[in-house]
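The structure appears below as structure tokens.
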């Protein structure tokens, strides 16, 4: 994820767009809009139809989701790998792993 | 991001939840819902107020966004670093870098 | 819809909350959040399962959607019946009615 | 709202689209997408800028929100005025009216 953070940050710096980091509310709005555009690929379609017809669009919208999520992580000074591991650990207490019963 | 993909995948496998990969439409819905929960942290607040009051909640919801986005990448067999670089390259043609004028 | 506009407006006035009309961006955010909470009723469920299990929750979230949509209409000084008729008319040019062929 | 319910229902019937009533999950997705398109009118803008620049687009997207919300009400056999009044009543217990203190 370090590479993605670097690539996204560099893209903004090259365009003088670092002020976006001061607007996390607008970044959160943008993230919501991109998630919706990804969901739109599935509108009125079954899983199979959507993946067959819209895989390229899905890949672009998913990339946009990662890009804005990464911008938010930078804006909020969060380590992506760390917050994911913490959340998975928190989820794990609510949903323990299946015990593998062996006789 | 490889680590995040591995951590997320392992979490699902440990619980026998790999069938989620067959339901990308429901994963896209989940991603939309988490993006909304992140946006909720900013509801009726300015950027400053939101970050001051809700930084922990933001970090958890942002983690959920990365988790579901990663699950979708696995479900659609997409390389996250690659699709981000492709989208940034596509954006770069629409928004070229600022030229640094030097006299 | 006049009744709904009146009921919603009165609710705000009784609480001194008319300043919300000056914040259409936050109202649009609230509307998005409520639409997500409605969609959440269908998460990981089929249509049948969702309606069987979550009809009460759906009715409350749908009410919230109408309430915030109505607040936005008041804030933007829009006649709800009129904008709906205009949009249906616009959609009708894109999707003409099925012609009933009779031999 | 009766008129809006009638107009929306007639639009669907004229096109043979009543099967949409059997797909409330997809209607809820559509409602979420339209709420996002409305929110997009405010992206990167202040309230004043957005209303000045995007009022026509806002009116069309808000109409779409009402149209899909109405379709969902029909699909779930809900009386819009009734569910709004019930929700306002429920909200009123949580947020009582401001008492007008008179000396």
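Values in this text are rule-based calculations from the coordinates and carry no lab data. Here the structure is a predicted model, which means the values were calculated and not measured. Heads up, the Cβs are rebuilt from the backbone with ideal geometry, glycines too, and the neighbour counts pull from every protein chain shown.
Structure summary
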item: Mean residue ellipticity (222 nm) of chain A, computed from DSSP H runs ≥ 4 via -39,500 (n - 2.57), nearest 500; result: -24500 deg cm²/dmol
item: Paramagnetic label zone (point 7 Å from Cα along Cα-to-C-beta, residue A:18; backbone N under 12 Å) in region A:65-80; result: none
item: Test item: B:5-13 mean partner chain Cβ contacts at 10 Å; result: 2
item: Chain A Cβ-axis minimum, rotational copy D, residue and distance in Å; result: A:36, 2
item: Between region B:1-51 and region D:58-103, the alpha-carbon center distance in angstrom; result: 29
item: Chain A: relative contact order in percent, alpha carbon pairs under 8 Å with at least 6 residues between; result: 37
item: Label 7 Å beyond Cα on the Cβ vector: residue B:16 copy-to-copy distances, nm; result: 4.6, 5.7, 5.9
item: Inter-copy spacing of residue A:43 label points, which lie 7 Å from Cα along Cα→Cβ, given in nm from shortest upward; result: 1.4, 2.2, 2.3
item: Average beta carbon contacts from partner chains per residue of B:38-49, 10 Å cutoff; result: 6
item: Kirkwood-based Rg to Rh ratio, chain B, C-alpha trace; result: 1.10
item: Inter-copy label distances at residue D:79 (7 Å, Cα→Cβ; nm, one decimal); result: 2.7, 5.9, 6.1
